[in-house]
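The structure appears right after this line, and notes come after that.
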Amino acid sequence: MRSQSMIPRLTGPVLIGATLLGGAAQAEIARRDFTVISDPGVKLAVREVSDTEGPSGKPPIVLLHGARVPGVATFDLPVEGGSLAVDLVRAGHRVFIMDARGYGGSSRHGQDGSQDGQPLVRSDMVVRDVGAVVDAVQARTGVSQVALLGWATGGHWAGMYASQKPSEVSHLVLYNSLYGVHAGHKTLGPGSDMADPSNPDQFNIQRFGAYRLNTAASLLPSWDRSIPIEDKVAWRDPKVAEAYQAAALASDPSSRSRNPPSFRAPSGAMADSFELASGHKLWDAGPIAAHVLVIRSANDFWSRPEDVTTLAQDLRKAASVRMVTIPEATHYVHLDRPERGRRSFVAEVIRTLEHPPKTRAAH
């Protein structure tokens, strides 16, 4: 664990009352935003979501966002069906939502000027950020191990960290994530729109630059295309979609300075995803010792079935392994309607977290 100087500073705690569904007791859900120091000069924004009156004993869990939208906008929207964090709190967990550097409320070095340049924030940097947050969660909760859950690129980051620090992770949930099993991906790999037109085997740095600008409208087309019915409202609550767009824009204080409003996201995650889609493994699941759930939506456009099967083969030291495919579900299953895959997704995550962690000596 890091020295005491690295323990996070609490900034502006916010308490929001809520009724815990499915239980007779009333309880308060608390949200506290604080910062953690990663590398020198790099501050990470973290939100803790917890039940102030709930029982303790279940593992705390860190949630990792994907390549574009940061943590709170991904996992804690202020509408019914929009907060995976609240679902996990209702199941008895303390939840910590982090922004990797370059995202949301975390340090954004290199994003104040031109977008030209090498892609910012590669996986090795984010893994250091995950380590800083894990250390902070251990210090705040007094536990020796934490659970990690990562969506898409967040799953890649979570798995990479768990492979390097297996003794720190009790449970690991990867969903809709790439693993670099082989070359071949119609939207992310060589020959796709992400490739350099003059060199199809190389990532298009000129197009993506150091960081990208993303409008609210740009968040919905890939979601719409993966919904297998014409009536998108029947699959996705418009209030959730609107909250997702609004929170993504609100995550960047500079978003309203541009017309149309847009939020910044570093391009390193896309460059690394291109490498994974090209068949270049950036980490090996072999050392992971946690209880592992690898979950994939059948209509996912990011991960491939082979990513799941190869992970299953490589997880040789895991305490337990489960592979789950949710029929017809989309890449955004945690934000879809309950009957369209979200209910099954949440149930599978909670089921995995129920496994008793392997014990080890406390710090």
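The values are calculated or read from the model by the stated rules, or taken from the named source; none is laboratory data. All values derive from a computational prediction rather than experimental measurement. Reconstructed Cβ throughout: ideal geometry from the backbone, glycine too, with neighbour counts over all protein chains shown. Keep in mind that these areas ignore ligands, DNA and RNA; they rest on the heavy atoms of the full protein, side chains included. Shrake-Rupley method; radii C 1.70, N 1.55, O 1.52, S 1.80 Å.
Among K165/K281; K43/K239; K58/K239; K186/K239; K186/K232; K58/K317, which pairs are too far apart, with a Cα-Cα distance over 20 Å?
On the way: K165/K281 18 Å; K43/K239 32 Å; K58/K239 31 Å; K186/K239 31 Å; K186/K232 24 Å; K58/K317 22 Å.
Too far apart for the 20 Å limit: K43/K239; K58/K239; K186/K239; K186/K232; K58/K317.
If you take the Cα centroid of the stretch 59-100 and the Cα centroid of the stretch 166-226, the two points sit 22 Å apart.
Largest first, the three principal axis extents of the alpha carbons in the stretch 99-148 are 43, 19, 12 Å in whole numbers.
P(r) for the stretch 28-68, from all Cα pairs and a bin width of 5 Å, is 5, 16, 19, 25, 17, 11, 6, 1 %, short bins first. Summarising the amide proton neighbourhood of S83: residues at separation of 5 or more, or on other chains, whose placed amide H is nearer than 5 Å comprise L77. The orientation-averaged shadow of the Cα convex hull for the stretch 149-291, equal to a quarter of the hull surface, comes to 10.8 nm². Which of R256, R108, R236 ends up with the largest GNM mean-square fluctuation for the chain, with Cα atoms connected below 10 Å? For the chain, modelled as a Gaussian network with Cα springs under 10 Å, the answer is R256.
Could you work out [θ]222 nm for the chain from helices alone, using -39500 (n - 2.57) per DSSP H run of at least four and dividing by all its residues? Round to the nearest 500 deg cm²/dmol.
Values: 11 runs with 102 residues, N = 363.
Result for the chain: -8000 deg cm²/dmol, rounded to the nearest 500.
At q = 0.23 Å⁻¹ the log10 of I(q)/I(0) for the stretch 292-363 amounts to -1.04, computed by Debye summation with a single uniform scatterer per C-alpha, solvent ignored.
About its Cα centre, the chain has a charge dipole of approximately 560 debye under the convention of +1 per Lys or Arg Cβ and -1 per Asp or Glu Cβ, with nothing else charged. Here the chain yields Rg over Rh of 0.94, to two decimals, using C-alpha coordinates and the Kirkwood radius. With every protein chain in place and a 1.4 angstrom probe, the accessible-area ranking of T330, T310, largest first, reads T310, T330.
When the gyration tensor of the stretch 213-363 is built from Cα positions, what are the square roots of 5 times its three eigenvalues, in whole Å, from largest to smallest?
Numbers: eigenvalues 190, 86, 58 Å².
Equivalent ellipsoid semi-axes, largest first: 31, 21, 17 Å.
Counting only DSSP beta bridges with both residues in the chain, what percent are antiparallel, rounded to the nearest 5? So the antiparallel bridges in the chain amount to around 55 percent. Per-residue surface analysis assigns R351 an accessible area of about 140 Å², computed on protein heavy atoms at 1.4 Å probe radius. Place a point 7 Å from Cα of D231 in the direction of its Cβ. Which residues in the stretch 337-353 have their backbone N less than 18 Å from it? Backbone N within reach: 337-342. The convex hull around the C-alpha trace of the stretch 94-215, projected and averaged over every direction, spans 9.0 square nanometres. The tail of the calculated P(r) for the stretch 123-180, taken as Cα-Cα distances beyond 12 Å, holds 62 percent of the pairs.
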